[in-house]
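Comments concern the structure below.
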Amino acid sequence: MAETSLLGNISFLQGSRRFLYAVTPKETSFEKLGDVPDYLNEAVPFFLGAIALEYILAFLTDLPRARLNDAFSSVSAGVFSQLSKIIVLSVELALYIFVYDNFHLVTLPWDSPWTWYICFIGVDFIYYWFHRAAHEINIFWAAHQAHHSSEDYNLTTALRQSVVQNYTSAIFYMPLALAVPPSIFCVHAQFNMLYQFWIHTEIVRSLGPLEYIFNTPSHHRVHHGRNPYCIDKNYGGTFIIWDRIFGTFQAETDEEIAYGLVHPLASWDPIWTQLCHFSHIWKTFWETSGVTNKLFVIFKGPGWTPGSPRLGDPADLPEIEYPIRKYDNSLSLCGTLYALVHFAVAIVAYQLLIARRMGMTQLHVAGVISYFLFTMSSVGALFDNKWYAPYVELFRCLLFLIVDLVLSSQNLDTGVLPTKYIGVIRGIFITSALFWITGSFMSAKKTKTE
Ligand SMILES: [Zn+2]
Ligand SMILES: [Zn+2]
């Protein structure tokens, strides 16, 4: 199998412009949907580079740095979200194509800059309302909260995406399908997401006059705050003008922002991160009496309780205690290194899976994805200092080695690991398994620090 370049074939300038939505209609208009590049996955090397750069800058400027457990949790969520699109395909796009093919009222020409600009504004306008609904309607919030579950705020937070939200956003974009070709919609849906990557940072403080028009790091920090003044504010994607028009704008103040959920998640389990609020709604639904109230539990705001306003009583929001305490379990140096190495192997495998998936059987893809889920959950349990984590990790390492042995005995390989470095990867798994067996590897301390 041919080796696929991990860095892709986009120039540095191209990659950087894509983050800023600084692209022209000419270079990003396509007739056929199949010709639209996979901008999000092409950006992965740039995500990683920017994350590294931000880490260095934060170190130099004494700002909070990304934490491995939190970054792991965020990146896992991003990987899960993208993988779910491979299995169930992008429902958003499938529904869009269906509506466009059967119900479109006018046919806007795919190669007209006007179509491009209409879609640019249209996607962002709809994103505002979709995002607002995701915060103000409990069942949509269950899908969206994963993105807000980090208590840190840095570029990795942007990758913390919800799996379920891929499916709830679809319905909102349907009006566009009455006129805009799917290929143009697909371009803007991706750029709208790409733009939102770089605004997840504390490094950039203010962008001067641009703050009036665009969604910026400053505005989006407010959106991620759990301070009472930050709740239900700044829903914009690329533009902030929608918030200014519809009354949800809030400028950043001098008050130190505490990031994350009003009731912090306190877990690094990537599956629980995705599903916790559905479980909460389920419990609240059965505990609440009366059919109307039960419906309100689902369709009013996440903070709603019987007798309170639609979005809950602001007086119920807990005040922020300073200094801000975050959920954190420290791993030993060995543990940190271990997690980092296995995390890196998974990311390389993810990149190659994305690049090669078209040439793989469904069973093969399903097998690789299952192994991803297992890996991310197991490493998450390690970060959470779960008692069973070492046993699960030992099992995972042995499972890898057995599968690898069986495959290579038949002249096959995993298909998603670089064959050039397979010796190194085997070495990593053998060493890891041996360490777990001797049982002296991890001395993780269960401490909660700031
Ligand atoms: Zn949000
Ligand atoms: Zn965000």
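Each value in this text was obtained by applying a stated rule to the coordinates, not by laboratory testing. Because the structure is predicted, anything quoted here is derived from the model rather than measured. Reconstructed Cβ throughout: ideal geometry from the backbone, glycine too, with neighbour counts over all protein chains shown.
Segment 1-112: percent of C-alpha pairs farther apart than 23 Å? Intermediate results must be reported in sequence, preceding the final value.
Values: 3179 of 6216 pairs.
Across segment 1-112, Cα pairs with separations above 23 Å total 51 percent.
Hey, got a sec? Which chymotrypsin sites (Phe, Trp or Tyr not before Pro) in segment 313-397 land in a DSSP loop and have at most 12 other Cβ atoms within 10 Å?
Of the chymotrypsin sites (Phe, Trp or Tyr not before Pro), the ones in loops of segment 313-397 whose Cβ has at most 12 other Cβ atoms within 10 Å are Trp387, Tyr388.
To check my understanding: the extent here is largest minus smallest coordinate of the Cα atoms along each principal axis. What are those three numbers for segment 51-153, in Å, largest first?
Result for segment 51-153: principal-axis Cα extents of 54, 32, 29 Å.
Residues of segment 29-66 with backbone nitrogen within less than 18 Å of a virtual label 7 Å along the Cα-to-Cβ line of Asp101, please, listed as ranges.
Zone members listed by number: 31-36.
Could you line up Thr253, Thr216 from fewest to most neighbouring Cβ atoms inside 10 Å? Numbers along the way, then the final one.
Details: Thr253 12, Thr216 22.
Starting with the residue having the fewest Cβ neighbours, the order is Thr253, Thr216.
Mind checking the full-extension length gain between Ser206 and Tyr55? Use 0.36 nm per residue of separation minus the Cα-Cα distance, one decimal, nm. Could you put the intermediate results ahead of the total?
On the way: separation 151, 0.36 × 151 = 54.36 nm, distance 1.91 nm.
Here the segment from Ser206 to Tyr55 would lengthen by 52.4 nm.
Counting every Cα pair in segment 118-215, what percent are over 15 Å apart? Walk me through the numbers before you get to the answer.
Details: 3200 of 4753 pairs.
Cα-Cα pairs in segment 118-215 separated by more than 15 Å: 67 percent.
How large is the dipole of the chain about the Cα centre if only Lys and Arg carry +1 and Asp and Glu carry -1, each at its Cβ, rounded to the nearest 20 debye? Intermediate values should be presented prior to the final figure.
Numbers: 29 positive and 36 negative charges, 149 e Å.
Dipole magnitude for the chain comes out near 720 debye.
Taking H as built 1.01 Å from N, whose amide H comes closer than 5 Å to the amide H of Phe239, not counting residues under 5 places away?
Asn215
Stretch Met193-Ile271 to full length: gain in nm at 0.36 nm per residue minus the Cα-Cα span?
Details: separation 78, 0.36 × 78 = 28.08 nm, distance 2.22 nm.
Length gained between Met193 and Ile271: 25.9 nm.
What does the charge dipole of segment 31-167 about its Cα centre add up to, to the nearest 20 debye, if the Cβ of each Lys and Arg holds +1 and the Cβ of each Asp and Glu holds -1? Write out the running numbers ahead of the final one.
Working: 6 positive and 14 negative charges, 58 e Å.
That gives segment 31-167 a dipole magnitude of about 280 debye.
Could you list which residues have their amide H under 5 Å from that of Gly225, counting only those 5 or more apart in sequence or on another chain, with H placed in the peptide plane?
Those qualifying (amide H under 5 Å, at least 5 residues apart or on another chain) number zero.
Which whole-number percentage describes the relative contact order of the chain, with Cα contacts under 8 Å and a sequence gap of 6 or more? Walk me through the numbers before you get to the answer.
Values: 601 pairs, mean separation 80.9, N = 450.
Relative contact order for the chain comes out at 18 percent.
As a footprinting exposure proxy, order Trp282, Trp110, Trp242 by other Cβ within 10 Å, with the fewest listed first. Provide the component values of the computation, followed by the final result.
Working: Trp282 12, Trp110 16, Trp242 23.
Placing the least packed residue first, the sequence is Trp282, Trp110, Trp242.
For the chain, with the dipole built from +1 on Lys and Arg beta-carbon atoms and -1 on Asp and Glu ones, taken about the Cα centre, which of His135, Ala189, Tyr421 lies farthest toward the positive end?
So the residue we want is Tyr421.
For the chain, taking Cα atoms only, what is the radius of gyration to one decimal and the Dmax to the nearest whole Å?
22.7, 68
If I stretch the segment between Lys420 and Glu27 completely, what's the gain in nm (0.36 nm per residue apart, minus their alpha carbon distance), one decimal?
Numbers: separation 393, 0.36 × 393 = 141.48 nm, distance 3.54 nm.
Answer, rounded to one decimal: 137.9 nm.
Can you pick out the pairs among Lys32/Lys85; Lys300/Lys326; Lys85/Lys233 whose Cα atoms lie more than 23 Å from each other?
Details: Lys32/Lys85 20 Å; Lys300/Lys326 29 Å; Lys85/Lys233 29 Å.
Over 23 Å Cα-Cα: Lys300/Lys326; Lys85/Lys233.
Just name one of Ala58, Ser377, His223: the one whose Cα is farthest towards the positive end of the charge dipole of the chain (beta-carbon charges, Lys/Arg +1, Asp/Glu -1).
Towards the positive end, the residue furthest out is Ser377.
Report the one residue of Met360, Phe80, Tyr153 whose Cα lies farthest in the direction of the positive end of the charge dipole of the chain (charges on C-beta: Lys and Arg +1, Asp and Glu -1; origin at the Cα centre).
Towards the positive end, the residue furthest out is Met360.
Taking R0 as 45 Å, what's the FRET efficiency between Asp38 and Ser289 from their Cβ-Cβ distance, rounded to 0.05?
0.40
Grab the alpha carbons of segment 192-305, take their convex hull, and tell me the volume per residue in Å³.
Details: hull volume 15.9 nm³, N = 114.
Once divided by residue count, the hull of segment 192-305 is 139 Å³.
Mind checking the dipole of segment 303-450: about its Cα centre, +1 per Lys or Arg Cβ, -1 per Asp or Glu Cβ, Debye to the nearest 20? Don't skip to the answer; put the middle values down first.
On the way: 12 positive and 10 negative charges, 86 e Å.
Around 420 debye, computed over segment 303-450.
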